[in-house]
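*Asks:* Can you keep this structure in mind? I'll have questions shortly.
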Amino acid sequence: MKFKDYYEILGVSRTATSDEIKKAYRKLAHQYHPDISKDPAGEEKFKEIGEAYATLKDSEKRAAYDALGSHPSGQEFRPPPNWSGSQGGQSYSFDDIDLSDLFANFAGRRQGPHQGGHRPMPGQDYELAVQISLEDAYHGAMVDLNFTVPEYDNQGQLKRVAHTFKARIPKGVSHGQKLLLRGKGGKGANGGKNGNLYLNISFIAHPLFRVAEHDLLIDLPVTVWEATLGATVKVPTLDGPVNLKIPAGMNSGKKLRIKGHGLPKQNQAHGDLFAVLQIVVTPNPSEQEVALMKQLADISSFNPRTHFGLDTTNEK
Amino acid sequence: MKNNDAELLWLDEHHEVTASELLELSGLSAEELEWLVETGALNPIRCVPAAVTQQSQAWCFSGQCLVAIRTVSRLKRDFDLAPDALSLTLVLLERIRVLEQQLLQNNSQA
């Protein structure tokens, strides 16, 4: 087991009063609490802070922690023989557990010599961020979930166990969807309920499609003549390419709806795919193309800027 | 490695959670839940009729609210939030959720 210096984590001395410990905790909690902090490392940091505080705020746990002695942070150590925290019927394989597991279990064991270690303890809840592709959102997908949880084995020993299981992400999830897998969190002990697993679903950005709830948008580049004359073009969808008829006289920004080719909804219906027209000019026009454009410019009297109300006689 | 569909719960506006589920999943007390409803920070979407005697236990909520309720429950635990702070936090969290959703929407339309 690796040693963690709870005093150092809270930035207080080993002789700090409980008031000083509480103050130090609150200050750090404001800074790192994952529900308020934008710091991506905040969650891990707050876990440490919370763990340190949970042990040091409780005089009994603090005494047991102090009895472990002082070691450099991260150094492997074992509690001394007859350490108060290890009385009460639980045995440990100290190699596989975390210091926090030792103290989390402490409260359950000090109920008295007879109940010690047998109070039902619910398993912990876990939250996992799950990123899926739009293709997976479209078809539904099986994902592998991996996380480690502290668990008791058959001998009543506490160990950190890697959990891996497959979960089906159903069709119909949206970006930001929260799902709950009941009983799939940490295992409960002594008849306590298993914890739950919360999944935060997000979509991996797609090179072609943007997501608006269950609708999808795709930029559709078209030539000047396609936009002017109309055309039928192939457009990719998550379900394979479709032919899209572009009516004549379409401007940039015009959205053409491809019905039912968006993401699936929970009720089996689908959102729509919108092709957003973008008129693109020829990047390296040939001489002939330039000549034809000049010819068009000469014969056309179209002015898209009449609403400016300016005198255009001198424009070239 | 088995499929776990039976235990899958969607936490969104298309699904509902009962008051007892909400209490079990969030760790809030029944009094705290009643306070949130009383102050208007949380609105039940309907009441299950007659079957249950206690008013608060007959409530059903949008599955979506569980996420925010769990957050306020955590904040209460970690900061000792007073009841007023609990309901204010919930209201502000909901406002942030709506704004973030609008922002996401605007960005994808752009």
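*Asks:* Could you please find all residues in segment B:64-95 being within 11 Å of another protein chain (Cβ to nearest Cβ) and polar (S, T, N, Q)?
*Replies:* Result: B:Gln64, B:Thr71, B:Ser73, B:Thr89.
*Asks:* Here's something else I'd like to know. Can A:Glu60 be described as surrounded by 15 or more Cβ atoms within 10 Å (Cβ to Cβ), of a type in the set (Asp, Glu) and within 15 Å of A:Ala104 (Cα to Cα)?
*Replies:* No: the conditions fail for A:Glu60.
*Asks:* Turning to a different aspect of this structure: I want to confirm something. Restricting to segment B:57-110 and keeping residues that are assigned to a strand (DSSP E or B) and of a type outside the set (Gly, Ala, Ser), which single residue is nearest to A:Ala29 (Cα to Cα)?
*Replies:* Among those residues, the one meeting the criterion is B:Phe61.
*Asks:* Here's something else I'd like to know. Looking at segment A:133-164, which of its residues are assigned to a strand (DSSP E or B), under 18 Å from the mean Cα position of the chain (by Cα) and among the hydrophobic types (A, V, I, L, M, F, W, C)?
*Replies:* A:Ala141, A:Met142, A:Val143, A:Leu145, A:Phe147
*Asks:* Any chance segment A:32-39 includes a residue that's farther than 20 Å from B:Ser73 by Cα and more than 13 Å from every other protein chain (Cβ to nearest Cβ)?
*Replies:* yes
*Asks:* While we're on this one: For the subset of segment A:176-195 comprising residues that are surrounded by 19 or more Cβ atoms within 10 Å (Cβ to Cβ) and within 7 Å of another protein chain (Cβ to nearest Cβ), which member is nearest to A:Gly123 (Cα to Cα)?
*Replies:* A:Lys184
*Asks:* List pairs: first in segment B:13-26 and facing chain A (nearest Cβ under 10 Å), second assigned to a strand (DSSP E or B) and among the aromatic types (Phe, Trp, Tyr), Cβ under 6 Å, 6+ apart or cross-chain?
*Replies:* B:Val17/B:Phe61
*Asks:* Just to be sure, is A:Gly185 touching a residue at least 40 places away in the same chain (Cβ under 8 Å) and not assigned by TED's automatic domain parsing to the domain that holds A:Ser100?
*Replies:* yes
*Asks:* Continuing with this model, one more query. Can you pull out the strands (runs of 3 or more DSSP E) entirely within segment A:205-255 that have at least 2 residues that are within 19 Å of A:Asp136 (Cβ to Cβ)?
*Replies:* In segment A:205-255, the matching strands (runs of 3 or more DSSP E) lie at A:209-212, A:215-222.
*Asks:* Is it true that A:Leu263 is closer than 30 Å to B:Glu7 by Cβ, modelled with pLDDT under 95 and hydrophobic (A, V, I, L, M, F, W, C)? Reasoning before the result, please.
*Replies:* Numbers: closer than 30 Å to B:Glu7 by Cβ: yes; modelled with pLDDT under 95: no; hydrophobic (A, V, I, L, M, F, W, C): yes.
No, not satisfied.
*Asks:* Same structure, new question: Tell me, yes or no, whether segment A:254-268 has at least one residue that is in contact with a Lys or Arg (Cβ under 9 Å, 6 or more places away or on another chain) and within 30 Å of A:Pro304 (Cβ to Cβ).
*Replies:* Yes, some residue in segment A:254-268 is in contact with a Lys or Arg (Cβ under 9 Å, 6 or more places away or on another chain) and within 30 Å of A:Pro304 (Cβ to Cβ).
*Asks:* Among what's in segment A:208-223 and is under 14 Å from A:Lys254 (Cβ atoms) and more than 13 Å from every other protein chain (Cβ to nearest Cβ), pick the residue that is surrounded by the fewest Cβ atoms within 10 Å (Cβ to Cβ).
*Replies:* Just the residues of segment A:208-223 that are under 14 Å from A:Lys254 (Cβ atoms), to begin with: A:217-222.
Those left that are additionally more than 13 Å from every other protein chain (Cβ to nearest Cβ): A:220-222.
Details: A:Leu220: 21, A:Pro221: 12, A:Val222: 20.
Only one residue fits best here, namely A:Pro221.
*Asks:* Now a separate question. Please verify whether segment A:154-166 includes one or more residues that are more than 10 Å from chain B (Cβ to nearest Cβ) and either modelled with pLDDT of 90 or more or closer than 19 Å to B:Gly27 by Cβ (or both).
*Replies:* No, because not a single residue in segment A:154-166 is more than 10 Å from chain B (Cβ to nearest Cβ) and either modelled with pLDDT of 90 or more or closer than 19 Å to B:Gly27 by Cβ (or both).
The values are calculated or read from the model by the stated rules, or taken from the named source; none is laboratory data. Just so it is clear, the model here is predicted, and its values are computed rather than measured. We place every Cβ from the backbone using ideal geometry, glycine too, and count neighbours over all the protein chains shown.
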